[in-house]
Every structure is written in structure tokens, then in C-alpha cells.
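Report on one structure; see the data block that follows.
All of the numbers you see were taken from the coordinates with simple rules; none came from a lab. These numbers come from a predicted model, not from an experiment. With ideal geometry, Cβ positions are generated from the backbone for all residues, glycine too; neighbour counts draw on all protein chains shown.
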């Protein structure tokens, strides 16, 4: 008896739901939907290919190499002092040896500090420069979006897959270079 009642209730709800779907109004097709124009831009490629991005990267790399050269020179000093302490001059007094060890400790400390400071400074500088360029590129993208009627322009970094036909990176590079003449 219970099974029959449950079966009847399930059948009743299925028939009722089918009727409610059949009575719903079909979507209206006479209303015009606006055309959607979507673009994708690869900011990293714009930085790599634009004139300002290339020159900024070159300046940054030169400064990075100069800083690395200074760190390398400091490392050579430390290695020289270590070698000197490993093969001490037999004429050195205990005070001279102690002085050399203390000097080596200071130089090692200075070298490590210089190395970490250089890495930290260059990372900060890279972030600052990149953010400034990206802000300028975003402005170019906004202007292009308004001028060319794009509904949406996405960063390539947030899109998993897209048709190359909607890639506007090349146009952004051209427009960005034009603003930086």
C-alpha cells in the first residue's frame, strides 16, 4: 500500500512538472541582442615587443649586470681572503691571523648583505617598472576598447583558450608605440 502511494505521488509530480514546462513561454526572438565584440591581449608580449618595453628591459638588464658585477667582485675578495687564510704566511703572528679572520668574517657578512640587497632591490625595481608599463598599456587598451567598440578585452593570463582571431596584442603594441613617439 505504501509503495503504491509513493509511486502515485512520484508519477503525479512528474506529470505536473512536464505540464509546467510545456506551458512556459518560449524565449522571444524579436528583441535585438547587442553584438558582443571580445578581444584578448597578452601584456607580457606587449612589453617584450613594444619599443618602450624593449628599451626599459635593456636598461634594467644593464643595471642588473652592473650590480651583479659588483657582487661578483665582492665574492672574489672573499675567496681571496679565504685562500689567504687557508695557506697562511708562516711569518704571521697570532694577532695578524686573528685580524685576517675577523676581516674575512666582515667581508663575508658584507658580501651576503650586498647579494641579498641587490636581489631585493632589483626585484622591487622590476615590479615597479613592469607595473608602470602595464598601467600605460591598460590605458591604451581602454582607449582602443572605446574607439573600436569592444564589449570586453581580457588579459591572456586569465584566459585558458581562445581563437587567435580575437587576439588584439599586435594592435595594442602598435598603438602603444604610437603613444610613445
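Between residue 161 and residue 45, the contour length at 0.36 nm per residue exceeds the alpha carbon distance by 40.1 nm.
Going from the residue with the fewest nearby Cβ atoms within 10 Å to the one with the most, 176, 111 rank 111, 176.
Tell me the Kirkwood radius of the stretch 38-181: reciprocal of the mean inverse pair distance over distinct alpha-carbon atoms, in Å. Kindly include the intermediate steps, with their values, before the conclusion.
Details: mean 1/r = 0.0524 Å⁻¹.
Taking every pair of different Cα atoms in the stretch 38-181, averaging 1/r and inverting gives 19.1 Å.
Taken along the Cα-to-beta-carbon direction at a fixed 7 Å, the label points for residue 92 and residue 116 span 2.7 nm. A Förster radius of 30 Å, combined with the Cβ-Cβ distance separating residue 135 from residue 61, puts the computed FRET efficiency at roughly 0.90.
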